[in-house]
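Undergrad: I'd like to ask some things about the structure below.
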Protein chains: 2
Amino acid sequence: MTASQQPTTAEELRGAGLRVTAARVALLEAVRKGDHLGVEALASGVRERVGHVSLQAVYEGLHALTAAGLIRRIEPPGSPALFEGRVGDNHHHIVCRSCGAVADVDCAVGAAPCLTASDDHGFSIDEAEVIYWGLCRNCSSVS
Amino acid sequence: MTASQQPTTAEELRGAGLRVTAARVALLEAVRKGDHLGVEALASGVRERVGHVSLQAVYEGLHALTAAGLIRRIEPPGSPALFEGRVGDNHHHIVCRSCGAVADVDCAVGAAPCLTASDDHGFSIDEAEVIYWGLCRNCSSVS
DNA sequence: ATCTCTTTCTTGAATCATTCATGTTTATTA
DNA sequence: TAATAAACATGAATGATTCAAGAAAGAGAT
C-alpha cells in the first residue's frame, strides 16, 4: 500500500502529532461533515459512528483538534461554542438573531480584511474577526 | 428649578421608561465611568455608591439598561459579558489575547463598515461586529 | 399626604456549558 | 510484546447566568 495523495483522516491526525483513535477520527469527520455544530451535537455524531464516547472525551478531543489547527472553534455571543472544519482561510460568520443559525462569509475585502484599526491603542493586532448579525431566510420570512 | 440642558442620569432613566432607583442610577454611572467592566466589578462599583445591592438586581438592571439602549453589552469569546456606556455609534473592540483587556476602536471604513458581506446566504444583515485580536502594550512588551 | 398598582429588589435555588481530578484503558515505539 | 505517554471514563466542581416567589419601593391617582 502506497501512501495516498489525499491524506486520510487518520493520517491527518497522526501528522498533527495526535494519536489515532476511533473517537477522534469520528470527531474530526463529524466536525467536517457538520455545519457549525455544538458539543452535544458533535457527541451525538461521534456516537452514531463509534458507539459510546464520553462528553469529556469529546471536549478533550475538540481542544486537541483545535490546538492542532485541524478545526476551528467559534463562539458567537449568546451561543455555546461551535466548531467548523474550514480552517486556514480567513472567513467570517453570519448569525441569525432569531434562530442562531450560522453561515460562512468569505472576507469581502481581500485576504486580511479589516486588520487596520483606526487607532490601535498600542495593541499589536494579528486578527480581525467579523460577526454579521441579521435574520436568516426562514426567520425573516416569518417576521 | 428649570430643567437642565444636560439631562441628569435620573432623567435619562425616566426618559427611557425605567423607574429611578438609587441602584439603577449608580449602575448606569458605574458602567459609564468604567471601561468595559463585568458584572461583578459593576456590582462592586454600585455597592460603593449605595450600599448593598444583590447581584440579581445588577443583572436585571443591566438587562433593562441594555434593552433601553442606554448601555451596550459585549461578549468577547472566552470572556463573560462586559458592559460599556458608549452607545449609538458604530464602534468595535480590540481584545488582548493574553490579559483580556478591551479597548474601543472607531470604525475604520465609515459609518456602517463591513456591512457588505461577499455572500449573504439569504440573510438580511443589519450589523457587523468586529473584534480585533492581539496583544496590548503591556502584554506585548513582556512577550 | 396616602393609597394603589406595577416595577424593582431580595433570597435562594436551578441550569447550562465547561473544566478539574483520579483512575483506567489504549495507541505508539522500542 | 512490554513500557510509557496519551486518551478515555466517571464523577464532582466551577462560574456565569437565569428562574421563582415573595417583600419593598417608585409613580401616578385620590
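Every read-out reported here was derived from the displayed coordinates using simple, explicitly stated rules and does not represent laboratory data. Fair warning: this is a prediction, and the values are worked out from it, not measured in the lab. Positions of Cβ are backbone-derived with ideal geometry, glycine not excepted, and every protein chain shown enters the neighbour counts.
Undergrad: Considering only the label points, 7 Å along Cα→Cβ from Cα, what distances in nm to one decimal separate A:ASN138 from the same position in each other copy, shortest first?
TA: Values, ascending and in nm: 4.5.
Undergrad: Mind putting a number on the dipole of chain B about its Cα centre? Charges go on the C-beta only, +1 for Lys and Arg and -1 for Asp and Glu, and I need it in Debye to the nearest 20. Don't skip to the end; give the middle numbers.
TA: Working: 12 positive and 17 negative charges, 129 e Å.
I would put it at about 620 debye.
Undergrad: Still on this model: With a cut-off of 8 Å between alpha carbons and a minimum separation of six or more residues, what is the relative contact order of chain B in percent?
TA: Here the relative contact order equals 17 percent.
Undergrad: Also, I was wondering about something else. With a/c under 1.5 counting as rounded, go ahead and sort chain B into rounded, prolate or oblate using the C-alpha gyration tensor (a ≥ b ≥ c being the square roots of the eigenvalues; past the cut-off, prolate if a/b is larger than b/c, else oblate). Walk me through the numbers before you get to the answer.
TA: Working: a/c = 2.06, a/b = 1.38, b/c = 1.49.
Note, shape of chain B comes out oblate.
Undergrad: Treating the Cα atoms of the protein assembly as shown as identical point scatterers in vacuum, please give the log10 of the normalised Debye intensity I(q)/I(0) at q = 0.08, 0.12, 0.13, 0.14 Å⁻¹, two decimals.
TA: The computed values of log10 I(q)/I(0) come out as -0.45, -0.93, -1.05, -1.16.
Undergrad: Per DSSP H run of n ≥ 4, the term is -39500 (n - 2.57); total these for chain B, divide by its residue number, and report the mean residue ellipticity at 222 nm rounded to 500 deg cm²/dmol.
TA: Helix contribution divided over all residues of chain B: -10500 deg cm²/dmol.
Undergrad: Please compute the modelled spin-label separation between A:TYR59 and A:ARG19, points set 7 Å along Cα→Cβ, answer in nm with one decimal.
TA: Output for this residue pair reads 2.0 nm.
Undergrad: Something else now. When Lys and Arg each count +1 and Asp and Glu each count -1, what net charge do the other residues less than 15 Å away from A:THR9, Cβ to Cβ, add up to? Walk me through the intermediate numbers first.
TA: Working: positive: A:ARG14, A:ARG19, A:ARG24, A:ARG32, A:LYS33, A:ARG49; negative: A:GLU11, A:GLU12, A:GLU29.
Neighbourhood net charge equals +3.
Undergrad: Calculate one ³J(HN,Hα) per residue across region A:130-135 by plugging θ = phi - 60° into the Karplus curve 6.51 cos²θ - 1.76 cosθ + 1.60, and present them in order as whole Hz with x for glycine and proline.
TA: With the stated coefficients, region A:130-135 comes to 10, 10, 8, 10, x, 10 Hz.
Undergrad: Can I ask one more? Place the label 7 angstrom along Cα→C-beta at B:ASP120 and in each other copy, then list the distances from the first to the rest in nm, shortest first.
TA: 3.2
Undergrad: Amide H neighbours of B:GLU129 under 5 Å, at least 5 residues apart or on other chains, H built in the peptide plane: list them.
TA: Close amide H contacts, sequence-distant or interchain: A:ILE131, A:TYR132, A:TRP133.
Undergrad: Any idea how far apart B:SER124 and B:VAL87 come out in nm if each label point goes 7 Å out from Cα toward Cβ?
TA: 2.4
Undergrad: Could you tell me which residue out of A:CYS96, B:ASN138, B:ALA30 lies farthest along the dipole of the protein assembly as shown toward its positive end? Charges go on the beta carbon: Lys and Arg +1, Asp and Glu -1, centred on the Cα centre.
TA: Final value for the positive-end residue is B:ALA30.
Undergrad: May I ask you to report, in nm to one decimal and beginning with the shortest, the distances from A:GLU11 to the same position in the other copies, taking label points 7 Å along Cα-to-Cβ?
TA: Taking the point 7 Å beyond Cα along Cα→Cβ, the inter-copy spacings are 7.3 nm.
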